[in-house]
Amino acid sequence: MTDQNAPDTGGCALSVEGVSVSFGGRRVVDNVALSVRDGEVLTLVGPSGCGKSTLTRLIAGLTAHEAGRVLLGGRDVSGVPVEERRIGVVFQEPALFGHLRVADNVGFGVRGLSRTERAARVAEMLDVVGLAGFERRHPHELSGGEQQRVALARTLAPRPGVILLDEPFANLDEVLREGLRREVAGILRASGTAAVLVTHDRSEALSLGDTVAVMREGRIVQCGTPAQVYGEPVDRFVASFMDDAAFVPAPGGGHLVARPHHIGLQHGGADRIERTEFLGARTRHAVRRADGSVVVAEVDGPGSFRIGDHCTVSVDASHLHRID
């Protein structure tokens, strides 16, 4: 789903119109509509079990839907076989062919080209993913991140209209995951291929997506730019899922959403520091207020508060977003 304030990136690469699917009498994907422009990266984020992966498989043609339709470049592909959809899919596991060298893995999807054309395309894709010179290696000789980059090169080689990435970094350690997702973001933008990246990691969704779609119980509950989804959540679920949030009663009804950086702390008072989390440049403190509620405040550096310290919470309400 695109947003009127997002930059215009051209035509529509993917459109999902009112699709639904049920398993065992339970609606897993419920009347979902979204679209992805050419060259756009849409991140689909939500808690485990909300229907993200099912929606991905539905778009790819791996799962049948009972209502709605899927269009690629304006063409309805709802009844088109998987292999004819021009959709590339990258899963958690790279699923490379262990007996084939890197070059042969990447070239597997472009076997219809001449030998010269195939070799040129493989070389181009390995250069794009930063693995030029790895052509003769086998998958077991690569790191997890390198294997995932080979999988991405193999997916890009046939020039798909859309790439679907289903939790592609989930099986990597944190340091490798952070580095690889920056690389993948650059690769996708360099290729100009529209992409849907599925994740349960909110920071990943915000940092990688041109557009962020938040999913809950089979439905898209909000879709917009990362700044809009984070700063202007439509309800308490989105507000709480995308980051810690406190809800301050608003004049005239409803509540204001206060993020940790909106909340200030002063020494002394009836509130009490209950937990601290040092993040390097900043520190987050969970504060038990006098009324029993808990809020999270974020301060620069290590701060001067320790667990058990008494404090007073203040809220900068000048930039807070209002929800019902």
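Each reported figure results from applying straightforward, stated rules to the coordinates on display, with no laboratory input. Every value quoted in this text rests on a predicted model; they were computed, and no experiment measured them. Methodologically, a virtual Cβ is constructed for each residue, glycine included, from the backbone with ideal geometry; neighbour enumeration extends over all protein chains shown.
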(message) Run the numbers for VAL80 and GLU178: contour at 0.36 nm per residue of separation, minus the present Cα-Cα distance, in nm.
(response) 31.7 nm
(request) Describe numerically, in nm with one decimal, the distance between label points set 7 Å from Cα along Cα→Cβ at GLU277 and at GLU117. (result) 5.2
(request) Hey, for a label at THR63 modelled as a point 7 Å past Cα toward Cβ, could you say which residues of the range 212-236 have their backbone N under 19 Å away? (result) 213-222
(message) Need one number for the range 244-323: average projected area of the convex hull over its C-alpha atoms, nm².
(response) 5.2
(message) Report the gain in length on full extension from ASN31 to SER318: 0.36 nm times residue separation, minus Cα-Cα distance, nm rounded to one decimal.
(response) 99.6 nm
